[in-house]
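Undergrad: Mind having a look at this structure? Questions to follow.
The values are calculated or read from the model by the stated rules, or taken from the named source; none is laboratory data. Please read all numbers here as calculations on a predicted model, not as lab measurements. Cβ coordinates were reconstructed from backbone atoms using ideal geometry, including for glycine residues, and neighbour counts include every protein chain displayed. Ligands, DNA and RNA are stripped out before the accessible areas are found, and what is left, the full protein with its side chains, is counted by its heavy atoms. Shrake-Rupley method; radii C 1.70, N 1.55, O 1.52, S 1.80 Å.
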Amino acid sequence: MGGKITILKLGGSAITVKKKAFTPNLNVINRLALEIKKADVHPLIIVHGGGSMAHPIAKKFKIKEGYKRRGQLMGFAETHYAMVKLNELILDALIEQGLPAVNVQPSACVVTENGRIRSMEIKPLLELLKLGCIPVLHGDAVFDAVLGFTILSGDQLVANLAVNLDAERIVLGVDVDGIYTADPKLDPKAKLIKTMSIEKLKDIQNKIGNSLADDVTGGMLGKVVELLPAIEQKIPTIIVNATKPNRVCKAIRGEKVAGTVIQ
Ligand code: ADP
């Protein structure tokens with residue numbers, strides 16, 4: 001394979017139009033494919049979120065809460081289908097750039113238990129990396145051994161892969177410049193936190209505890225807390241704005257770039 005793996009997460013907030021249901025942001029997707037080509041980083045794993053393509057259906061059918069009635073099955077199928085469609089658009093863009101991107105579907109290789117990854121069939125992904133391909137995973141509707149089914153977030157996948165494969169670095173691309181003192185979309189006085197320590201992160205985790213719900217606290221805090229196991233393992237992690245040109249390119253190369261570094 002040669003060298004340690006870089007893991008790039010493309011957040012749903014960046015690759016879809018968050019306020020408009022079922023709307024991919026093709027401009028951003030195509031530009032990111034160009035940047036990934038330009039960065040020429042190997043080995044690389046890409047994980048993407050669902051944003052407005054998948055969240056509305058998942059929410060409507062309460063897929064994350066698990067299987068309770070037959071009526072949810074179409075929601076389970078449609079949530080997964082929405083992710084497959086978004087994945088296809090990302091693969092289109094990467095392949096157009098001549099990058100050997102190959103989808104690895106979490107619903108077909110991961111089993112969760114109460115929402116946490118219990119097992120993952122990792123061999124095909126490792127073989128793809130050895131060949132020089134770029135595995136592209138995504139948040140997904142997956143089978144859960146306790147709940148029947150649930151939503152596996154792209155962030156949990158990123159942390160799990162980073163820890164198990166001892167990644168070189170993690171780059172999270174979102175639609176804001178990094179972690180702020182408050183949600184920058186709601187609070188104009190919010191300030192960008194350029195460096196965040198693991199102690200501060202643990203503090204946040206203790207404060208929000210298990211009551212964390214993405215739509216209540218805002219996606220960002222849940223995301224960074226999810227990454228704690230990787231950060232504890234000293235894997236360099238940076239959050240950058242993927243809607244701004246060149247940030248992702250520089251970040252995956254390990255170059256200095258605007259964003260929040262967690263260490
Ligand atoms: P993605 O789906 O792209 O992984 P999320 O939408 O879950 O990302 O999280 C990113 C969003 O989190 C931003 O668009 C921002 O509005 C919101 N957010 C909430 N609190 C914060 C904060 N303290 N700092 C930065 N962003 C925050």
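Undergrad: Rounded, prolate or oblate, given the Cα gyration tensor of the range 14-139, with a/c below 1.5 counting as rounded? Each step should come with its number before you reach the end.
TA: Values: a/c = 2.75, a/b = 1.36, b/c = 2.03.
In terms of gyration-tensor shape, oblate.
Undergrad: Where does each of MET220, MET53 land when they are ordered by accessible area, with a 1.4 Å probe and the largest first?
TA: MET220, MET53
Undergrad: How much net charge surrounds CYS133 when only the other residues with a Cβ under 15 Å from the Cβ of CYS133 are counted, with Lys and Arg +1 and Asp and Glu -1? Walk me through the intermediate numbers first.
TA: On the way: positive: LYS37, LYS123, LYS130; negative: ASP40, GLU127.
Charge balance in the 15 Å sphere: +1.
Undergrad: Just GLY50, GLY154, GLY66 to compare: in a GNM of the chain, with alpha carbon springs under 10 Å, which one fluctuates most?
TA: Comparing GLY50, GLY154, GLY66 in the GNM, the peak value goes to GLY66.
Undergrad: Once the piece of chain linking ASN164 and LYS123 is laid out straight, how much longer is it, given 0.36 nm per residue of separation minus the C-alpha distance between them?
TA: Here the answer is 13.5 nm.
Undergrad: Please say if the chain is rounded, prolate or oblate, where rounded means a/c under 1.5 for a ≥ b ≥ c the square roots of the C-alpha gyration tensor eigenvalues, and otherwise the choice is prolate for a/b larger than b/c and oblate otherwise? Walk me through the intermediate numbers first.
TA: Working: a/c = 1.30, a/b = 1.08, b/c = 1.20.
Cα axes put the chain in the rounded bin.
Undergrad: The range 52-97: which GluC sites (Glu not before Pro) are DSSP loop and have at most 16 other beta-carbon atoms within 10 angstrom?
TA: GLU65
Undergrad: May I ask you to give the solvent-accessible area per residue for the range 2-159, in square angstrom, as obtained with a 1.4 angstrom probe?
TA: Result: 46 Å² per residue.
Undergrad: How far apart, in nanometres, would the label points at ALA182 and LYS130 be if each is projected 7 angstrom from Cα along the Cα-to-Cβ direction?
TA: Label at ALA182, label at LYS130, 5.3 nm between them.
Undergrad: Okay, moving on. Whose amide H sits under 5 Å from the amide H of MET196, counting only residues 5 or more places off or on another chain, with H placed in the peptide plane?
TA: VAL261, ILE262, GLN263
Undergrad: Please report the carbon-and-sulfur percent of the accessible area for the chain; probe 1.4 Å, protein heavy atoms only, DNA, RNA and ligands left out.
TA: 54
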